[in-house]
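A short worksheet on the structure shown next.
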Amino acid sequence: MADDKTGRNKQADDAERRQRERDLAAELERSDETEPQVDAAELTEFEEELESVSFPATGSEVVAAVGDRTVESTAESHTVEELVPDTDEETFDSPAAVRMRVQRPTVAAAMKRIVEATATLQNASLGGSQRDAYEKTLRELKAIDADDDDEGIRVITDWIVERIRDKKKLPESRAVRRQAAKFCRSNGYQVRNDEWLGI
């Protein structure tokens, strides 16, 4: 970028936009926190490492650039490669979008498996609303306090991946919610009808 007034203004605007995205992501994360927090300073460093990536970027590009980078929460650590799908099917608009993903490592790892399984299908992709519904279902399972070992997330992720492999298509998001509710009820977790899983 040229070192003139226009270039400097663009850099300042880009920095301001990234800060707004980080602030919005942080606010959204605080509203329904379900996993141990990743240190904010570490995430800021991680986001700075992503500056070398040209956005929008695919999951493969992110993994190639920072896949070996470790992200540590209060409970455990993961590499970015374990949390971001190594596929061109998943794209990120900004470093903040990648940051949001790695802040929830358990859900991110499950979604990675689902996205990579979806990439094996012909003429199918995990669209925005369906992906959001899958992720919300997994977050709801993570929020079950009694489910400390994340069995629900593993069971539902396995169920989705098996459906993709066996039926060669994505299960509908409502079917995923129904399966998650069935898991909860069969394991003694109460699910009310007015909740996301209560269908």
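Between 62, 107, 53, the distinction of being over 15 Å from the mean Cα position of the chain (by Cα), surrounded by 16 or more Cβ atoms within 10 Å (Cβ to Cβ) and either among the hydrophobic types (A, V, I, L, M, F, W, C) or closer than 21 Å to residue 156 by Cβ (or both) belongs to 53 only.
What's the total number of residues in segment 144-199 that are among the polar types (S, T, N, Q) and in a helix (DSSP H, G or I)?
Restricting attention to segment 144-199, the residues satisfying the condition of being among the polar types (S, T, N, Q) are 157, 173, 179, 186-187, 190, 193.
Filter once more, keeping what is in a helix (DSSP H, G or I): 157, 173, 179, 186.
Residues flagged as among the polar types (S, T, N, Q) and in a helix (DSSP H, G or I) within segment 144-199 amount to 4.
Have a look at 68, 23, 39, 4 and point out the one that is over 19 Å from residue 134 (Cβ atoms), touching a strand residue (DSSP E or B) at 6+ places or on another chain (Cβ under 8 Å) and modelled with pLDDT under 75. Talk me through it step by step, then tell me what you get.
On the way: 68 fails: modelled with pLDDT under 75; 23 fails: touching a strand residue (DSSP E or B) at 6+ places or on another chain (Cβ under 8 Å); 4 fails: touching a strand residue (DSSP E or B) at 6+ places or on another chain (Cβ under 8 Å).
Only one candidate qualifies: 39.
Being free of Cβ contacts under 8 Å to residues at least 40 places away in the same chain, out of contact with any Pro (no Cβ under 6 Å at 6 or more places or on another chain) and among the hydroxyl-bearing types (Ser, Thr, Tyr): is that true of residue 106 here? No; evaluated as a whole, the condition is false for this residue. Among the residues of segment 71-99, just one is closer than 16 Å to residue 128 by Cα and either in the same structural domain as residue 149 (by TED's automatic domain parsing) or in contact with a Lys or Arg (Cβ under 6 Å, 6 or more places away or on another chain) (or both), namely 85. Kindly indicate whether any position in segment 69-91 is of a type in the set (A, V, I, L, M, F, W, C), assigned to a strand (DSSP E or B), free of Cβ contacts under 8 Å to residues at least 40 places away in the same chain and over 25 Å from residue 171 (Cβ atoms). Yes, the conditions are met somewhere in segment 69-91.
The values are calculated or read from the model by the stated rules, or taken from the named source; none is laboratory data. What you are looking at is a predicted structure, and each value in this text was computed from that prediction instead of being measured. Note that each Cβ is placed from the backbone with ideal geometry, even for glycine, and that neighbours are counted across all protein chains shown.
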